[in-house]
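These notes are about the structure you will find just below.
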Amino acid sequence: MTTAQDDTGLWIRRYHPAPDSAVRLLCLPHAGGSASFYFPVSRSLSPAVEVLAVQYPGRQDRRSEPNIDNLPSLARAVLGALDGCLDKPLAIFGHSMGATVGFELARMLEQERGVVPAWLFASGRRAPSMPRDERNHLASDPEFIKELQRLQGTAGNILGDEEMLRMILPATRSDYRAAETYTYVPGEPLSCPITAFTGDEDPKVTVEEARAWQNHTSAAFDFHVFDGGHFFLTAHQSRLLKTMLDQLQSVSSGAGPNRSGR
């Protein structure tokens, strides 16, 4: 049996510790993604914000561990690793599948721990109440790889390397299964503000599907549309991070968020 400290070490990566920061930002990867995707985010936001990057099982140094192919179960596992991370305001950022994991995690924090997240940032993902019938996780390997190439979320050199593909495909397919079989259970909206980011050419989410995140909070809602597809955030990182930093600094200053529907 692992201790809470051991679980934190497995799940949570602090690339740039910032013990004096007023707020922490927990970053949840996309399907097939890993904690290292958020290394540049950690570097950019430190020391104003301490970034905690989540490492899901089944990839990189956790490659030998079984994948979790259910989003609420994945959120609950992350929750179990946060015991030592709730001593200051905690905001949540998730891209694609990670946004839904973040939503479920925020629900658990509010309902089970009495902790209202400082903010939920949902990127590149339709709102939980906007389902689609997607079955990419059932596709053959060649078709599944075409889907990854279409989204441009995996480096081309990896998609062309058979050995690397064998390493990443099981975790990525498991993540797709988790995301595509997720069923939203209606409930009370979150008490924390939500900011949604989306790309105007994202094949996985329309602008209106992303805007529907406003229905999942009783607090402020902010909405930003960027040029680009599913991984628009890599091209617009500086703008996206500035928006997040401004909003997180409003938390630490006590100014509070402004309601917006942009």
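The values are calculated or read from the model by the stated rules, or taken from the named source; none is laboratory data. For clarity, every value in this text was computed on a predicted model and none was experimentally measured. Because the Cβ atoms are built from the backbone with ideal geometry, glycine has one as well, and the counts that use them run over all protein chains shown. In case anyone asks, the SASA skips ligands and DNA or RNA and just uses the protein heavy atoms, side chains included. Shrake-Rupley method; radii C 1.70, N 1.55, O 1.52, S 1.80 Å.
Comparison of ALA99, ALA91, ALA31 shows that the only residue that is in a strand (DSSP E or B) and crowded, with 23+ Cβ neighbours inside 10 Å is ALA91. Among the residues of the range 31-44, is there at least one that is in contact with a Leu (Cβ under 7 Å, 6 or more places away or on another chain) and closer than 20 Å to LYS242 by Cα? Checked against the condition, which is being in contact with a Leu (Cβ under 7 Å, 6 or more places away or on another chain) and closer than 20 Å to LYS242 by Cα, the range 31-44 yields at least one hit.
Looking across the range 34-57, the residues that are buried (at least 20 other Cβ atoms within 10 Å of the Cβ), outside any loop (DSSP other than H, G, I, E, B) and touching a residue at least 60 places away in the same chain (Cβ under 8 Å) come down to VAL41, LEU45, VAL49. Scanning the range 199-249 for residues that are under 22 Å from PRO186 (Cβ atoms), open to solvent by 30 Å² or more (accessible area, probe 1.4 Å) and charged (D, E, K, R) yields GLU208, ARG211. Note on the range 126-138: residues that are in a helix (DSSP H, G or I) and either in contact with a strand residue (DSSP E or B) (Cβ under 7 Å, 6 or more places away or on another chain) or open to solvent by 30 Å² or more (accessible area, probe 1.4 Å) (or both) amount to 2. Being out of contact with any Ser or Thr (no Cβ under 9 Å at 6 or more places or on another chain), among the acidic types (Asp, Glu) and over 19 Å from THR172 (Cβ atoms) is not true of ASP141. Among residues of the range 125-136 that are of a type in the set (Ser, Thr, Tyr), those with a Cβ under 6 angstrom from a residue that is open to solvent by 30 Å² or more (accessible area, probe 1.4 Å), sequence gap 6+ or separate chain, pair up as SER129/TYR184. Every residue in the range 196-243 that is farther than 22 Å from VAL41 by Cα and part of a strand (DSSP E or B), please. Matches in the range 196-243: THR217, PHE221. The set of residues in the range 102-125 being over 21 Å from ILE68 (Cβ atoms) and open to solvent by 10 Å² or more (accessible area, probe 1.4 Å) consists of GLU110, GLY114, VAL115, VAL116, ALA118.
Can you tell me how many residues in the range 230-260 are among the small types (Gly, Ala, Ser), under 21 Å from the mean Cα position of the chain (by Cα) and at pLDDT below 95? Residues meeting the conditions: 1. Test ARG24 against the criterion of being charged (D, E, K, R), assigned to a helix (DSSP H, G or I) and either open to solvent by less than 10 Å² (accessible area, probe 1.4 Å) or at pLDDT 95 or above (or both), and give yes or no. It is false that ARG24 is charged (D, E, K, R), assigned to a helix (DSSP H, G or I) and either open to solvent by less than 10 Å² (accessible area, probe 1.4 Å) or at pLDDT 95 or above (or both).
Within the range 139-165, the residues that satisfy the criterion of being modelled with pLDDT of 80 or more, assigned to a helix (DSSP H, G or I) and not basic (Lys, Arg) are ASP141, PRO142, GLU143, PHE144, ILE145, GLU147, LEU148, GLN149, LEU151.
Number of residues in the range 68-84 that are farther than 16 Å from MET97 by Cα and part of a helix (DSSP H, G or I) equals 2.
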